[in-house]
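A quick write-up on the structure given underneath.
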Amino acid sequence: MKAFAELLEQLILTSSRNKKVDYLAQYFAKTPDPDRGLALAAITRDLSLRHVKSSLVKQNVLERVDPKLFALSYDYVGDLGETVALIWPETVSGELPSVKDFIAFLEDTPKAELPALFSDLMDLATPNERWAMIKMITGGLRVGVSARLAKTALAKYGNVELQEIEEIWHGLTIPYLKLFAWLDGKTDKPQIKHTETFHPLMLSNPVDEIKDFEKLSEADFAAEWKWDGIRVQLVFNEDTQRMFSRTGDDISHTFPDLTESLNGAAVLDGELLVGKDMEPLPFNNLQQRLNRKTIVKKHLKDYPAFVRVYDILFDGEEDLRTLPWQERRARLESWMESHDNKRLSLSELIPFKSWEELKKIREKGAEEQGHEGIMLKRKTSVYEPGRPKGPWYKWKRDARLVDAVLMYAQRGHGKRSSFYSDYTFGVWKGNEIVPIGKAYFGFTDQELKQLDKWVRANTIQRFGPVREVKKELVFEVAFDSAHVSPRHKSGIALRFPRINRIRWDKPAQEAETLDGMQFFVEGQSDS
Amino acid sequence: MKPSRLAIITHGHADHARPGHDHVIATPDTIEIIKRRYGENCAKTFEALEYGVEKKIKDVTISLHPAGHVLGSAQVLLQYQGYRAVMTGDYKARPDSTCAPFEVVPCDLFVTEATFGLPVFQHPDSADEIKKLLKAREEQPERAFLIGAYALGKAQRVIKLIREEGYDRPIYIHGALKKLCEFYQERGINLGELRSPTGLKKDDFHGEIVVGPPSALKDQWSRRFPDPVVAYASGWMTIKQRARQSGVELPLVISDHADWNELTETIKATGASKIWVTHGREDALVHYCRSIGLEAEPLYLQGRDDEED
Ligand SMILES: [Zn+2]
Ligand SMILES: [Zn+2]
């Protein structure tokens, strides 16, 4: 526990990614199994511990410290865990349990005895160790280490390629004994079953119509619709059938109708959608089924899930990722033909001769079917995890534009903290302006200064870092889509709003109205 | 704080010692320190008063007693017809080999500072903090270790503590620390070999320890060192968030002020029945004193700012 607490402090106090990697690698080198693996899982928040409520922690400390002194201290420090760690009356420090034993204590101790266990541990620890333990048991351990950074540290520690770790990561289990044995050079790389683990996805880059199309040749690319669902990976064989989100979260349990339908053995890449007879409904309908703990029977009936499949990574255990896209596509088509899956359909290819023609198809698709855009895939591209530049592009439909009125300005962060660079804007609803979104300024410093000056000169009220301004300045705001949102006063939420232009020339009276906005709004409310 | 005709100065920190008084009474070391900081003529006349020597001013007898804060620091005892009042100035009760140890002065009225007057401030053993520094240095020998420490007292104490852990390489100091380090050395406090980093190359500082005032940690000056580990020796470093916000990678909780336990123990030890609390977290310490049956009031002094640590 001592070494772990030290590591956490180091991780918190350095903002440098490289140093975090170094600190982690050093910790792996000096810490035995299974502590290092458990610590790793705790840091990446993959370890599900039995949590103790922070109220228990507080109650415990109040048995030792005057409540008023505690309140004043908490007010000053601002973090409960840290306040308790520091205020705990000084005791003789002793030997703390290992990370493994600490976890075992937590798991095995009957509920009634938890407070006693907690105070025993606190008595033995230094403030820093108390802090680490409190954060672990209350589930508040955040030290700025992403899974990616942790894997980078593992790669550095074992002197292997990050890619090799990524490849097997999802097949590993806590406390990663096989992984460390391999990194220590004691065993071969752990074998994993490809049809039972998640594989990192290949992602696309947005196409720049002006720059890219000049250089790209139509004949080198295949086009597909960009489906408006969520990207998933289907991983299944005779024993297990699972579905993962693009980040590798297992979402099988939320969509049993889909996972139960899978037969054969493969790893497929596609878009999860809902709709009867595999006809996709707008995204909002899918959203009703996401992030639910329990399955709503009506949803299974009204919003049956299906996947529009566009790539095959493994056919059985055969790795197809090094084949060119064109060959994978042929393998995918024949796989689909030979497997009768009621919830899988092939994402069709869009035939086209020129970018000009494809542009028309894309515009028509957006207007008539509400398609989000088009995906372009280089026919020779191998399946390369990450976001390589060149092989895959997404060509989204044009952003929507709206003229909105500036309402509030807030000071920015970092380099721009002295400027008002964060703006809330709205549209007319009768005689008042109601907010529809918020965006940062994305333009030149010159314009920013000009705008900042305007804000200062036209302030009507101040609330801390926020200034309310006269409703006189118009912004042309671009956004990807608009949705119904009961949480916003206007009832509308914009997806990816950004300020396109400042319309110094345009009078506020000519800005958009809320009624006019309804034209852009898609789907119905989700709650 | 306006200049006065007569000022008793407890120690040389800027928030306690101002130039421009007519007559200054202080310990010989404090007088020497303020002369070096503010110039020979920063007061019209000086009167050195050794620890424990009584001096009568009209009906009041005054004497100075070690406060254990920095070299020369003193508490002021005022006696009037048998009634004893002590003003601590800044103090700490734990050992510090760069100044005379704090002395408990029994009194009726105890006017105490409260810089770290919250029970979250329980300063660890300073030697352990230095061990942390030396361990980090062994683990990252290619980096320089840049310690921010207040120019009077803290810097010299940190250097002394490092020496006490057996570190005998030269220690590099910022120009702003030079005069005071020299004075400490003259007073027989052995700080070992101190060097100026000026004129050396980046590569000369791998694994070296450099001490500078806190304000220098972030400015141009710090860029001459290779990938420095920024350390800061201060009681405030107790709070992680505070360390993090100031960009400190290696917080060293080393304070020249009494922590909560020292404050409460000292209050009890003086036997005072009346406590006035000032210079920090008055609310918590007043609450504590009242909870153990002492009469206590917050005392909000004029002219407080720029608290050192
Ligand atoms: Zn002081
Ligand atoms: Zn002070």
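The values are calculated or read from the model by the stated rules, or taken from the named source; none is laboratory data. Everything numeric in this text was worked out from a predicted model, so none of it was measured. Please note: Cβ atoms are built from the backbone with ideal geometry, for glycine as well, and neighbour counts cover all protein chains shown. In case anyone asks, the SASA skips ligands and DNA or RNA and just uses the protein heavy atoms, side chains included. Shrake-Rupley method; radii C 1.70, N 1.55, O 1.52, S 1.80 Å.
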Exactly one condition in (1) part of a strand (DSSP E or B); (2) surrounded by fewer than 16 Cβ atoms within 10 Å (Cβ to Cβ) is not met by A:Val434; state its number. (2)
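Counting only residues that are closer than 14 Å to A:Gly139 by Cα and polar (S, T, N, Q), give me the helices (runs of 4 or more DSSP H) lying completely in region A:7-78 with at least 1 of them. Show your work before the answer.
Numbers: elements: A:17-30, A:35-43, A:54-62, A:67-77.
Here the list reads A:54-62.
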Restricting region B:190-205 to residues that are at pLDDT 95 or above and out of contact with any helix residue (DSSP H, G or I) (no Cβ under 8 Å at 6 or more places or on another chain), which is surrounded by the fewest Cβ atoms within 10 Å (Cβ to Cβ)? B:Glu193
Per the filter on region A:492-519, residues crowded, with 18+ Cβ neighbours inside 10 Å, under 26 Å from the mean Cα position of the chain (by Cα) and under 18 Å from A:Gly370 (Cβ atoms) are A:Ile492, A:Ala493, A:Leu494
Can you tell me how many residues within region A:112-133 are closer than 29 Å to B:Leu252 by Cβ and aliphatic (A, V, I, L, M)? 6
List, please: which pairs have Cβ atoms under 9 Å, are six or more places apart or on different chains, and start with a residue in region B:171-182 that is outside the structural domain of B:Thr30 (by TED's automatic domain parsing) and end with one that is open to solvent by 60 Å² or more (accessible area, probe 1.4 Å) and of a type in the set (S, T, N, Q)? B:Tyr172/B:Ser196; B:Ile173/B:Ser196; B:His174/B:Ser196; B:Gly175/B:Ser196; B:Gly175/B:Thr198; B:Ala176/B:Ser215; B:Lys178/B:Ser196
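So, B:Tyr167, is that one among the aromatic types (Phe, Trp, Tyr), part of a helix (DSSP H, G or I) and either open to solvent by 10 Å² or more (accessible area, probe 1.4 Å) or more than 14 Å from chain A (Cβ to nearest Cβ) (or both) or not? Can you show your working first?
Working: among the aromatic types (Phe, Trp, Tyr): yes; part of a helix (DSSP H, G or I): no; either open to solvent by 10 Å² or more (accessible area, probe 1.4 Å) or more than 14 Å from chain A (Cβ to nearest Cβ) (or both): yes.
Considered against the rule, which asks whether it is among the aromatic types (Phe, Trp, Tyr), part of a helix (DSSP H, G or I) and either open to solvent by 10 Å² or more (accessible area, probe 1.4 Å) or more than 14 Å from chain A (Cβ to nearest Cβ) (or both), B:Tyr167 comes out as no.
Taking B:Asp108 as the residue in question, decide whether it is in contact (Cβ under 8 Å) with a residue 40 or more places away in the chain, more than 16 Å from ligand 1 (Cβ to nearest atom), away from chain A (no Cβ under 14 Å) and more than 30 Å from A:Lys19 (Cβ to Cβ).
Working: in contact (Cβ under 8 Å) with a residue 40 or more places away in the chain: yes; more than 16 Å from ligand 1 (Cβ to nearest atom): yes; away from chain A (no Cβ under 14 Å): yes; more than 30 Å from A:Lys19 (Cβ to Cβ): yes.
Judged against the criteria, B:Asp108 is a match.
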Whichever residue in region A:306-342 is β-branched (Val, Ile, Thr) and open to solvent by less than 60 Å² (accessible area, probe 1.4 Å) and, among such residues, is farthest from A:Val274 (Cα to Cα): A:Ile312
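In this structure, is B:Lys179 within 24 Å of B:Cys99 (Cβ to Cβ), more than 14 Å from every other protein chain (Cβ to nearest Cβ) and among the charged types (D, E, K, R)?
On the way: within 24 Å of B:Cys99 (Cβ to Cβ): yes; more than 14 Å from every other protein chain (Cβ to nearest Cβ): yes; among the charged types (D, E, K, R): yes.
When the stated conditions are applied, B:Lys179 passes them.
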So, A:Lys178, is that one in contact (Cβ under 8 Å) with a residue 40 or more places away in the chain, assigned to a helix (DSSP H, G or I), open to solvent by 10 Å² or more (accessible area, probe 1.4 Å) and not assigned by TED's automatic domain parsing to the domain that holds A:Gln287 or not? no
In region B:259-283, what residues are open to solvent by 50 Å² or more (accessible area, probe 1.4 Å), in contact (Cβ under 8 Å) with a residue 40 or more places away in the chain and away from chain A (no Cβ under 11 Å)? B:Glu265, B:Ala269, B:Gly271, B:Ser273, B:Lys274, B:Trp276
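Within region B:97-104, identify whether any single residue is within 16 Å of ligand 2 (Cβ to nearest atom), part of a loop (DSSP other than H, G, I, E, B) and surrounded by fewer than 16 Cβ atoms within 10 Å (Cβ to Cβ), and answer yes or no. Outline the logic, then answer.
First pass over region B:97-104, keeping only residues within 16 Å of ligand 2 (Cβ to nearest atom): B:99, B:102.
Now drop any that are not part of a loop (DSSP other than H, G, I, E, B), which leaves B:99, B:102.
Among the residues that remain, those that are also surrounded by fewer than 16 Cβ atoms within 10 Å (Cβ to Cβ) are: none.
Within region B:97-104 (the criterion being within 16 Å of ligand 2 (Cβ to nearest atom), part of a loop (DSSP other than H, G, I, E, B) and surrounded by fewer than 16 Cβ atoms within 10 Å (Cβ to Cβ)), the answer is no, since none of the residues qualifies.
Working carefully through the options A:Lys135, A:Lys100, A:Lys156, find the one that is under 30 Å from A:Thr247 (Cα atoms) and within 12 Å of chain B (Cβ to nearest Cβ).
Details: A:Lys100 fails: within 12 Å of chain B (Cβ to nearest Cβ); A:Lys156 fails: within 12 Å of chain B (Cβ to nearest Cβ).
Sole residue among the options that is under 30 Å from A:Thr247 (Cα atoms) and within 12 Å of chain B (Cβ to nearest Cβ): A:Lys135.
From the set of residues in region B:8-28 that are of a type in the set (A, V, I, L, M, F, W, C) and open to solvent by 10 Å² or more (accessible area, probe 1.4 Å), which is nearest to ligand 1 (Cβ to nearest atom)?
At the first step, the residues of region B:8-28 found to be of a type in the set (A, V, I, L, M, F, W, C) are B:8-9, B:14, B:17, B:24-26.
Narrowing further to those that are open to solvent by 10 Å² or more (accessible area, probe 1.4 Å): B:8, B:14.
Details: B:Ile8: 15, B:Ala14: 9 Å.
This residue is B:Ala14.
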If the requirement is being of a type in the set (Val, Ile, Thr) and either farther than 30 Å from A:Lys471 by Cα or outside the structural domain of A:Ala482 (by TED's automatic domain parsing) (or both), which of these qualifies: A:Val382, A:Val405? A:Val382
Any residue in region B:217-231 that is open to solvent by 30 Å² or more (accessible area, probe 1.4 Å) sitting within a Cβ distance under 6 Å of a residue that is outside any helix (DSSP H, G or I)? List the pairs, counting only those 6 or more apart or interchain. B:Asp227/B:Arg143; B:Pro228/B:Ala144; B:Pro228/B:Leu146
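Could you tell me whether region B:125-134 includes any residue that is within 12 Å of chain A (Cβ to nearest Cβ) and in a loop (DSSP other than H, G, I, E, B)? Outline the logic, then answer.
Pass one, region B:125-134, residues within 12 Å of chain A (Cβ to nearest Cβ): B:125, B:128-129, B:132.
Then drop every residue that is not in a loop (DSSP other than H, G, I, E, B), which leaves B:125.
Scanning region B:125-134 turns up at least one residue that is within 12 Å of chain A (Cβ to nearest Cβ) and in a loop (DSSP other than H, G, I, E, B).
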Give the residues of region A:372-390 that are at pLDDT 85 or above, under 23 Å from the mean Cα position of the chain (by Cα) and assigned to a loop (DSSP other than H, G, I, E, B), sorted by residue number. A:Tyr383, A:Glu384, A:Pro385, A:Pro388, A:Lys389
Can you say whether B:Phe183 is open to solvent by less than 40 Å² (accessible area, probe 1.4 Å), more than 29 Å from B:Gly39 (Cα to Cα) and touching a helix residue (DSSP H, G or I) at 6+ places or on another chain (Cβ under 9 Å), as far as the supplied structure shows? no
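Looking only at region B:284-306, decide whether some residue is within 12 Å of chain A (Cβ to nearest Cβ), touching a His at 6+ places or on another chain (Cβ under 8 Å) and not polar (S, T, N, Q).
Pass one, region B:284-306, residues within 12 Å of chain A (Cβ to nearest Cβ): B:284-292.
If we keep only those that are touching a His at 6+ places or on another chain (Cβ under 8 Å) as well, we get none.
Within region B:284-306, not a single residue is within 12 Å of chain A (Cβ to nearest Cβ), touching a His at 6+ places or on another chain (Cβ under 8 Å) and not polar (S, T, N, Q).
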More than 16 Å from ligand 1 (Cβ to nearest atom), assigned by TED's automatic domain parsing to the domain that holds B:Cys99 and out of contact with any Gly (no Cβ under 8 Å at 6 or more places or on another chain), is that true of B:Lys240? no
When you scan region B:235-251, do you find a residue that is surrounded by 23 or more Cβ atoms within 10 Å (Cβ to Cβ) and more than 11 Å from chain A (Cβ to nearest Cβ), even just one? no
Please list, ordered by first then second residue, the pairs with beta carbon atoms under 8 Å, 6 or more apart or interchain, first in region A:106-117 and in contact (Cβ under 8 Å) with a residue 60 or more places away in the chain, second open to solvent by 30 Å² or more (accessible area, probe 1.4 Å). A:Leu114/A:Leu56
Scan A:Lys489, A:Lys449, A:Lys453 and give me the residue that is free of Cβ contacts under 8 Å to residues at least 12 places away in the same chain and open to solvent by 80 Å² or more (accessible area, probe 1.4 Å). A:Lys453
Number of the exception - B:Asp256 against (1) away from chain A (no Cβ under 14 Å); (2) touching a strand residue (DSSP E or B) at 6+ places or on another chain (Cβ under 8 Å); (3) within 16 Å of ligand 2 (Cβ to nearest atom): (2)
